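Comments concern the structure below.
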Amino acid sequence: MPARILAGDAYLVTQGSGAYSINESLAENLTLHAGVEAVSPEILSLGTVRGEPFVVRAAEPGSFLAFEGGEWVQPAAVGNRTAYAGEGLVRRLGLAAGDDVTVVGSSVPRIAFVHIAGIYRTATPANDELLVDFPMGRFLSGLGATAFHSIRLRTSDPAALLSFLRGLGASVHVSGPNLPRADIASDPPTDERISNLILRSGIGGAPRDYLSTAVSEATTSVAVVAYGIAGLLGVLVAFGIHAAQARAFADRAPAVGVLRAIGAGNRWMRRRLFLESFPLALGAAVLGAGLGFLAENWLQPNASLVIFGHEVLVAFDFSTFALVVLAVVGTSMLSGLVLLRGTLATRPMESIRETPAVESLQSLEVVLRG
Amino acid sequence: MPRPILRLATRFTRRTRATAWAIAFACMVLVGAMSLADGLANGVGSVANRIGTGPAVYIQGNELLASAIDSAALSNVPGDFVAIRAHPAGLEINRLTLSVFVVALESYQDGVGTIAFPAGPRNVSLDVGLRAQIEAESGTPVATSGNVSLFGLHLTDLPIVAPPPTRSELFPDNWAYVRPDLLIAMNATQGGPVQAILAAAPLDPAVVASLRLTRLETLGAIGFVRGSIAEVQSSLMLLALVIAVVIGLLVYAAMSLEVHARAREIATLRSLGASPAAVAGVYEAQAAVLALAGAILGSALGIVAAHAVVSFAPILGLPNLVILSPPTPAIVLAMFISVVAAALAGLVPSRRAAVLVRTKGVVPS
């Protein structure tokens, strides 16, 4: 699962390759640890409600909302076997407080019904989830009586947290803000590409415990599709830029010829091109990327993109914005240099001579005669 | 269309060639993107089909609690299965009022239904989890009688009996079980229909179709991933719409310039006897031909690009569950939107070509 859904902006403790350690005992120990400010043990289940994919998260509602920075839209008394729906999920599936819905197991076949007692709101992907209690989470996920999937926590001293976990002997992976993944009493996570290759080439059935690997493979394989589509769109944009510049450059070819005729060198021409094109390319890139961001903001939530049960939230990411601008400016500069090179290869006299911008049409008579 | 006219229509200039290339790149994006999304769906489907999903559960619609399968039709369903009736209800017991789910199970063998428990017609069997909840909240053992509110009716002093002797691993331990007869007696309209059919093996597709059933994926991770990929695929329809608009604009711009540049040629055609409709046909056909050429080229490029992405993904360290197959629907869609968008976008320029001589008095030199 994407790290943002699992951890948000907190530290995350997940099961390592050793004995099962993510349980009530570890959660209690972490709660009592002096350096840990907040703890939220959680169980995640993947399922469908009314045919739509969504994530069920078993967590204590107060801790969960504290970690997600959320608030109650329609508060409800915390009861047994009740559920709380995120506002995004409610909007997407047309649910309301008081509704009863069918939920299914995640990696084990299950059917259960939950009563939606309240609605919460967060500014994170958790806004599209269903929050249930631990017994329901364990029933849906098939976990043991005291087990959790993960423990989220906040601490100001991650080094102390790691040494505390080492002292406990728990087999866990720990990751979080500015903390590279630490494997404590555990091997590194297995490379799922290997099992994927085995599965793709194998014959026959796969055990059900392969499901978690397969789901992980599927979720991360979306990156291939996303990067592929982004690459294809990038090619389209690059050719669009080149086509527009080629058209503009065709009109300037005589000017290039005149400048060369009066002594402008190739380096000077390139510098001139850079000075003229760069501000325009930069302005166009900033304007285009900015308009895209504003259009996406304007379209939401009516045309929001939902992937893996979570609405893709529009957030201004400076690095992505800068990357898009850089790519557009780079493409424009590269295209300009290619076009200039072609023009420089032509003699100045030929550039200056007035020639039709487009090739002459064939004689109609020739066409009509066949 | 007469051969010379067709030759005029299919004659590409530098401008129309450039437009065809632009359409090709747009179609490459569409076909490539759809190929990748379909390939991911193939890969996920391939994995999902190899994982045992447990018993088959069928419902009508997409919500079990809102499903209503005609119970009279169940005797015609071959094989062994369990008919499930399930409704939210209120339970008053031990001075508590709880929201519970009341379930009635009826086993069918060769079309004959039998009810195993509870034994008594008014008995309510509380499962172990529900009993534990009642005892924890009230602090007293579960009473021997309670009241149930269901379908707007309030039944009092119902005997509370032991938990069911067996329970499918599919079901939680907090349901209250009654006999189907009780539900039917309370409200034949709401209590009569069955909400779900639970079978050890998939039902005959003909039966499934005749009862308008859909299979409820009880292994949620599979349904989750399948549904998520379907969301990605449906999102690409928006991309198709955007590309149709782009193609339309490209064709409109190219054909407008073409008509403008060929004004003298159009006048010659008219003076040779070509009707306005024939002149319009030339440019309408040219718009369609260049869109089709672009779509064919773009489809080929899209297939190549999709294979390139899939081939290079492992080199870049990306896990890859994308299994590409011939993207026939994507190619058909690309060609369809290209031709339709071009035909629509070409209407105005071709009409302009048809009336050019009359309105502007252009004459051949």
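Just need a number here: residues in the range A:303-327 that are more than 12 Å from every other protein chain (Cβ to nearest Cβ) and not hydrophobic (A, V, I, L, M, F, W, C).
3
Could you list, in sequence order, the residues of the range B:207-265 that are free of Cβ contacts under 8 Å to residues at least 40 places away in the same chain, within 16 Å of residue A:308 (Cβ to Cβ) and not hydroxyl-bearing (Ser, Thr, Tyr)?
Within the range B:207-265, B:220, B:221, B:223, B:224, B:227, B:231 qualify.
Please go through the range A:23-76 and pick out each residue that is within 30 Å of residue A:167 (Cβ to Cβ) and polar (S, T, N, Q).
A:23, A:25, A:29, A:31, A:40, A:63
Please find, among B:61, B:90, the residue that is touching a Ser or Thr at 6+ places or on another chain (Cβ under 8 Å), of a type in the set (Gly, Ala, Ser), on the phi > 0 side of the Ramachandran plot and at pLDDT 90 or above.
B:61
Output the residue which, of all residues in the range B:170-213 that are among the charged types (D, E, K, R) and away from every other protein chain (no Cβ under 14 Å), is nearest to residue B:133 (Cα to Cα).
Of everything passing the filter in the range B:170-213, B:179 is nearest to residue B:133 (Cα to Cα).
Which residues, taken from the range A:146-157, are surrounded by fewer than 17 Cβ atoms within 10 Å (Cβ to Cβ) and over 17 Å from residue A:59 (Cβ atoms)?
Scanning the range A:146-157 gives A:156, A:157.
Test residue B:164 against the criterion of being in a loop (DSSP other than H, G, I, E, B), modelled with pLDDT of 90 or more and within 14 Å of chain A (Cβ to nearest Cβ), and give yes or no.
no
Are any residues in the range B:155-184 farther than 23 Å from residue A:142 by Cβ and either touching a Cys at 6+ places or on another chain (Cβ under 6 Å) or of a type in the set (Gly, Ala, Ser) (or both), and if so, which ones?
B:162, B:176
Being assigned to a loop (DSSP other than H, G, I, E, B), at pLDDT 75 or above and surrounded by 10 or more Cβ atoms within 10 Å (Cβ to Cβ) is the requirement here; does residue A:320 meet it?
Here the answer is no, as residue A:320 does not meet what is asked.
Name the strands (runs of 3 or more DSSP E) wholly within the range B:90-160 that hold at least 3 residues that are closer than 30 Å to residue A:97 by Cα?
Correct list: B:96-109, B:124-126, B:145-150.
The values are calculated or read from the model by the stated rules, or taken from the named source; none is laboratory data. As the structure is a prediction and not an experimental result, all values here were calculated from the model. Cβ atoms come from the backbone with ideal geometry, glycine included; neighbour counts cover every protein chain shown.
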